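S.K.: Quick one: the structure is below, and I'll ask about it shortly.
The values are calculated or read from the model by the stated rules, or taken from the named source; none is laboratory data. These numbers come from a predicted model, not from an experiment. Neighbour counts run over all protein chains shown; Cβ positions are idealised from the backbone, glycine included.
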Amino acid sequence: MPSDCTTSPQDQQGETVADNSLINKHLLVASDFDQTLSFNDSGAVLSDLIGVPHFHEKVAGLARSNLVQQGGELAYLIRHDPEFRGVRRHDLAEAGRRVRLKKDIGAFVSFLERGIEGCRFSFFVVSAAPKEVICSALDGILPPERIFGTELDYDPRSGEVRAIARVAAGYGKVSVLEELEERLGTPPERTLYVGDGSSDVHVMLHVNNRDGFTIAVSENKLLARIAKSTVLSDSAFAVVVPILEQIVGWRRAQIRELFESYGLTLHGWEKSRTDRVTIQEVAPEPKDVVGCEASGND
């Protein structure tokens, strides 16, 4: 494994790499959960578990009405939709156990915990999914104190959700990041955020505006315009690639060596830029018609 996390501004092959500003630095890494660390939406998993159909239609209806922040739809449904009022804490935990996670999350968390010489990371999950779902899904991988999800208040007698204490969606994610930066003592430019969808737009804009770094793990068109890097993979460990290459400044050979140290091999590492352009013919404008009628006067 390479012994240093910094190199000169440009190596002999002309690749842009990091400067010495990362020596002995502490970086905050925050990630969304649904479809970022997992393959499916935890709300859809919960709906199937309790036998409630048309979850995505319900979410789409809430999105059209702008009644709740994007990402906070499940919390709203659990609190207000009659079909979800029967949800209890154990249902959320069971839904978490049924969520299909991306591969190599354990290796990804282990890498961030170990850090590299000159750089250390603090990793947190910040998601609008109920915290019970995320804690159950990541049980044995990430401790609950590093998970920030939607917090629900339960009736002690019935077990029913009686209130929503906090939703980590929209500006709620920004608030969590600012709290973590203050707690850890890390400047905003040392914040990295990983997300996948429209609900991450607000927090990514916030991170970018303060010179942080954003990574998209989907081809969402909105994120493509905002995220500073996009990595597509069924492995959570793939996020390490833009972190090491674009932030830390490692060369490809160094990154491949690190992957091998975790028993992983990079296959199909391709860089591309795709312009999606739609071109249509423009109908010719009608020519002016010159009147030829004779004047009414003789």
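S.K.: Pairs under 7 Å by beta carbon, first residue closer than 30 Å to residue 72 by Cβ in the stretch 112-128, partner acidic (Asp, Glu), six or more apart or different chains?
M.R.: Cβ pairs passing all conditions: 126/32; 127/32; 127/34.
S.K.: Against the definition (under 30 Å from residue 83 (Cβ atoms) and either buried (at least 24 other Cβ atoms within 10 Å of the Cβ) or touching a Lys or Arg at 6+ places or on another chain (Cβ under 9 Å) (or both)), how does residue 170 come out, yes or no?
M.R.: no
S.K.: For the stretch 205-226, which residues satisfy the criterion of being free of Cβ contacts under 8 Å to residues at least 24 places away in the same chain, of a type in the set (A, V, I, L, M, F, W, C) and out of contact with any Leu (no Cβ under 7 Å at 6 or more places or on another chain)?
M.R.: Selection gives 205, 224.
S.K.: How about the stretch 62-97: which of its residues are under 21 Å from residue 126 (Cβ atoms), of a type in the set (Gly, Ala, Ser) and without any contact (Cβ under 8 Å) to a residue 60 or more places away in the chain?
M.R.: 63, 93, 95, 96
S.K.: From the residues in the stretch 216-247 that are of a type in the set (Ser, Thr, Tyr) and in a loop (DSSP other than H, G, I, E, B), which one is farthest from residue 119 (Cα to Cα)?
M.R.: First, pick out the residues of the stretch 216-247 that are of a type in the set (Ser, Thr, Tyr): 218, 229-230, 233, 235.
From what is left, the residues that are in a loop (DSSP other than H, G, I, E, B) are 218, 233.
Working: 218: 27, 233: 25 Å.
In this case the residue turns out to be 218.
S.K.: Could you tell me whether residue 58 is under 18 Å from the mean Cα position of the chain (by Cα) and of a type in the set (D, E, K, R)?
M.R.: Numbers: under 18 Å from the mean Cα position of the chain (by Cα): no; of a type in the set (D, E, K, R): yes.
Answer is no for this residue.
S.K.: Could you tell me whether residue 142 is crowded, with 19+ Cβ neighbours inside 10 Å and more than 25 Å from residue 193 (Cα to Cα)? Walk me through how you get there before you give the answer.
M.R.: On the way: crowded, with 19+ Cβ neighbours inside 10 Å: yes; more than 25 Å from residue 193 (Cα to Cα): no.
Here the answer is no, as residue 142 does not meet what is asked.
S.K.: In the stretch 24-97, which helices (runs of 4 or more DSSP H) lie fully inside it and hold 1 or more residues that are of a type in the set (Ser, Thr, Tyr) and in contact with a strand residue (DSSP E or B) (Cβ under 6 Å, 6 or more places away or on another chain)?
M.R.: On the way: elements: 42-50, 55-65, 73-80.
Qualifying helices (runs of 4 or more DSSP H): 42-50.
S.K.: Starting from the stretch 246-272, keep only residues that are β-branched (Val, Ile, Thr), then list their pairs with residues that are in a helix (DSSP H, G or I) whose Cβ atoms are within a distance under 9 Å, requiring at least 6 positions of separation or different chains.
M.R.: From the stretch 246-272, the pairs are 247/22; 248/22; 255/240; 255/241; 255/244; 255/245; 265/256; 265/259.
S.K.: Just for the stretch 103-138: of the residues that are more than 30 Å from residue 163 (Cβ to Cβ) and of a type in the set (D, E, K, R), which one is surrounded by the fewest Cβ atoms within 10 Å (Cβ to Cβ)?
M.R.: 114
S.K.: Right, something else. Let me confirm something: among 225, 273, which residue is loosely packed, with under 13 Cβ neighbours inside 10 Å, within 26 Å of residue 206 (Cα to Cα) and at pLDDT below 70?
M.R.: Details: 225 fails: at pLDDT below 70.
Criteria check complete, one pass: 273.
S.K.: If you check every pair at least six apart or on different chains, which have Cβ atoms under 9 Å apart with a residue in the stretch 24-47 that is at positive phi first and a residue that is surrounded by fewer than 24 Cβ atoms within 10 Å (Cβ to Cβ) second?
M.R.: 24/118; 24/119; 24/120; 35/41; 35/196; 35/197; 35/218
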